[in-house]
Amino acid sequence: MPSRRIRLGQFSAGISGNRSGAFVGMRIGGAWWEQAYATLVERRKRTRNEARKLKADPAPTGPGDAATAALQARVAAQGWYHSIDLGNGVVTPGEFDHRHHLQRYRIPERLDGKRVLDIGTFDGFWAFEFERRGASQVVALDLDTFGDLDLPPRARDKIPAEELAAKLGRGFVIAHAALGSRVERRIGSVYTMAAEQWGTYDLTHIGNVLVHLRDPAHALARMRGVTRGTAIISETVDPDLDWQPGVSLIEYRGGTVNCNWWRFGEQSLVQMVRDAGFDDVRVVARFDIPLRDSARNMHQIVINAAA
Ligand SMILES: C[S@@+](CC[C@H](N)C(=O)[O-])C[C@H]1O[C@@H](n2cnc3c(N)ncnc32)[C@H](O)[C@@H]1O
């Protein structure tokens with residue numbers, strides 16, 4: 001997740017649905033919030049206009065076309081975090097298009113017979129990819145509502161109750177139906193995962209979630225508890241924090257800006273994964289992800305680890 005905004009999809013008002021994922025300003029009240037809110041309103045307008053345009057397009061000529069047009073309209077009316085190919089030329093306009101970076105994650109080409117867990121699935125790009133590779137069961141974990149996020153208390157106090165109650169996962173539901181997917185979306189928090197209730201998984205994945213957690217070390221330990229094979233951990237890091245070999249630096253950000261609690265150095269993240277009990281912890285990729293609507297890039301690393 002980019003460090004300048006929270007993206008949470010599909011909300012209205014201050015946490016409006018928008019074309020490019022979903023987000024809400026966490027620095028309530030200041031100029032930043034005003035600007036972020038104005039951007040949201042503008043994007044929402046754009047989304048609505050696109051949906052209207054789609055409706056006004058020439059009538060479809062067959063049942064397949066009608067279904068595609070209906071899907072296009074649903075997609076256009078939703079804010080998307082992930083670009084997901086839904087078939088028949090329909091691709092969700094996500095803030096992040098992980099398709100370009102898939103090969104960097106070292107996911108086995110085939111996952112036949114494997115149980116896979118995607119932690120913090122959002123629109124479900126990774127979960128659907130695991131299913132596409134033949135996994136026999138894919139569980140996609142996410143929180144129920146916006147208010148379930150680790151919001152800093154003072155920011156939470158200023159967010160209206162109806163916004164806190166707004167459901168996550170509307171994009172996932174659309175994509176799931178369009179793909180005819182069997183991925184199981186499970187509501188819960190990474191903090192409460194345990195093998196007794198969840199079973200164990202051949203492959204677990206957590207992508208761009210840890211910076212948003214107040215307790216990332218606890219989350220990784222929980223992840224270790226349900227991993228029996230390989231874990232893939234991907235996250236943004238700040239290379240400036242790795243200036244001294246052997247010193248694991250993390251910047252505390254307090255969750256106040258875009259719900260980011262931390263800025264990790266690569267060394268600190270690797271050490272945290274080791275400390276969660278994983279073995280053979282290796283950084284398998286380092287790359288930049290361009291952010292839409294921003295001149296900045298996110299510096300991303302991918303870690304593979306063994307249980
Ligand atoms: C920035 S998005 C990352 C989406 C996706 N994993 C990816 O790599 O593109 C963060 C996701 O983590 C979820 N999340 C945040 N806190 C969580 C928690 N405690 N337990 C489970 N999921 C959580 C959010 O709801 C959101 O779907």
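No lab work stands behind these numbers, since they all come straight from the coordinates. Please read these numbers as outputs of a predicted model, since none were measured by experiment. Here Cβ is always computed from backbone atoms with ideal geometry, including for glycine, and neighbour counts include all displayed protein chains.
Here are the numbers for this structure:
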| quantity | calculated |
| --- | --- |
| Residue in segment 220-236 that is among the hydrophobic types (A, V, I, L, M, F, W, C), free of Cβ contacts under 8 Å to residues at least 60 places away in the same chain and within 23 Å of Tyr81 (Cβ to Cβ) present | yes |
| Per-region count, segment 80-130, residues among the polar types (S, T, N, Q) and under 23 Å from Asp288 (Cβ atoms) | 3 |
| Counted residues, segment 288-307 - those being out of contact with any Leu (no Cβ under 9 Å at 6 or more places or on another chain) and closer than 21 Å to Leu203 by Cβ | 6 |
| Number of the condition not met by His218 [criteria: (1) out of contact with any Leu (no Cβ under 8 Å at 6 or more places or on another chain); (2) buried (at least 19 other Cβ atoms within 10 Å of the Cβ)] | (2) |
| Residue list for segment 85-144, restricted to those being more than 15 Å from Val75 (Cβ to Cβ), more than 16 Å from the ligand (Cβ to nearest atom), among the hydrophobic types (A, V, I, L, M, F, W, C) and not in a loop (DSSP other than H, G, I, E, B) | Ala135 |
| Set Arg182, Arg154, Arg170: member being over 18 Å from the mean Cα position of the chain (by Cα), closer than 25 Å to Ile84 by Cβ and of a type outside the set (A, V, I, L, M, F, W, C) | Arg182 |
| Count of segment 165-191 residues which are within 10 Å of the ligand (Cβ to nearest atom), out of contact with any Gly (no Cβ under 9 Å at 6 or more places or on another chain) and in a helix (DSSP H, G or I) | 1 |
| Among (1) touching a Phe, Trp or Tyr at 6+ places or on another chain (Cβ under 9 Å); (2) surrounded by fewer than 22 Cβ atoms within 10 Å (Cβ to Cβ); (3) closer than 30 Å to Gly87 by Cβ - the single one Asp202 does not satisfy | (1) |
| Matching helices (runs of 4 or more DSSP H) fully within segment 192-291 where at least 2 residues are within 13 Å of the ligand (Cβ to nearest atom) | 216-226 |
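Here's the yes/no breakdown for (1) of a type in the set (Gly, Ala, Ser); (2) at positive phi:
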{"site": "Arg133", "(1), (2)": "no, no"}
{"site": "Ser136", "(1), (2)": "yes, no"}
{"site": "Arg154", "(1), (2)": "no, no"}
{"site": "Gly169", "(1), (2)": "yes, yes"}
{"site": "Ala177", "(1), (2)": "yes, no"}
{"site": "Gly180", "(1), (2)": "yes, yes"}
